[in-house]
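See below for the structure under consideration.
The values are calculated or read from the model by the stated rules, or taken from the named source; none is laboratory data. Just so it is clear, the model here is predicted, and its values are computed rather than measured. Here Cβ is always computed from backbone atoms with ideal geometry, including for glycine, and neighbour counts include all displayed protein chains.
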Amino acid sequence: MEKGITRAGRKERASARGALLAATERLMVEEGYAAVTTRRVAKIVGVTPALVHYHFATTDDLLLELFRSLSARFKEELANRLDTPDPLRALWQLNSDPDGSAIVLEFMALSNHRKAIRQEIAAFVEELRDIQTRAIGAADGA
């Protein structure tokens, strides 16, 4: 247990981080990555920009954490959907989600300007390609 931090305190901190990440995701989907600033995120959540910086030292840290969170969620959803009688249809449906597609495109555009994010995306895409290749092979009976 972290010294001096109660279970309720850790839960509250996790809740604040979650709210900041959700606001960042919403901004990216609705207005694009250029709209993501600590001030905008703070305003949406109803906190001060200092609290955003308490949880994420830089905007890049916030964006990286959002990408990691979304990637983990996507991989979990992908695993669930591929374990169905028609994995290719499930894969298509997952990749056809409008909000999901919007945020993927935003992160791809952002990766042209942020090296750390570009590296994270490249690693995720490689992992995703392997998962999808196995799923397609399994669907073909390979």
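Taking the conditions (1) surrounded by 12 or more Cβ atoms within 10 Å (Cβ to Cβ); (2) within 18 Å of ALA35 (Cβ to Cβ) in turn, PRO87 satisfies each one other than (2). Per the listing ILE131, ILE121, ILE103, ILE136, the residue uniquely touching a Ser or Thr at 6+ places or on another chain (Cβ under 7 Å), assigned to a helix (DSSP H, G or I) and touching a residue at least 40 places away in the same chain (Cβ under 8 Å) is ILE121. The listed residues are LEU70, LEU94, and the only one of them that is touching an Asp or Glu at 6+ places or on another chain (Cβ under 9 Å), outside any loop (DSSP other than H, G, I, E, B), at pLDDT 90 or above and surrounded by 11 or more Cβ atoms within 10 Å (Cβ to Cβ) turns out to be LEU70.
The set of residues in region 1-31 being more than 14 Å from the chain's Cα centre (by Cα), among the small types (Gly, Ala, Ser) and at pLDDT 60 or above consists of ALA14, SER15, ALA16. Inspect region 48-61 for any residue being of a type outside the set (Ser, Thr, Tyr), touching a residue at least 40 places away in the same chain (Cβ under 8 Å) and either part of a helix (DSSP H, G or I) or exposed (fewer than 13 other Cβ atoms within 10 Å of the Cβ) (or both) and give the result as yes or no. Within region 48-61, one or more residues are of a type outside the set (Ser, Thr, Tyr), touching a residue at least 40 places away in the same chain (Cβ under 8 Å) and either part of a helix (DSSP H, G or I) or exposed (fewer than 13 other Cβ atoms within 10 Å of the Cβ) (or both). Residue count for region 25-47 under the criterion of being under 18 Å from LEU105 (Cα atoms) and assigned to a helix (DSSP H, G or I): the result is 10.
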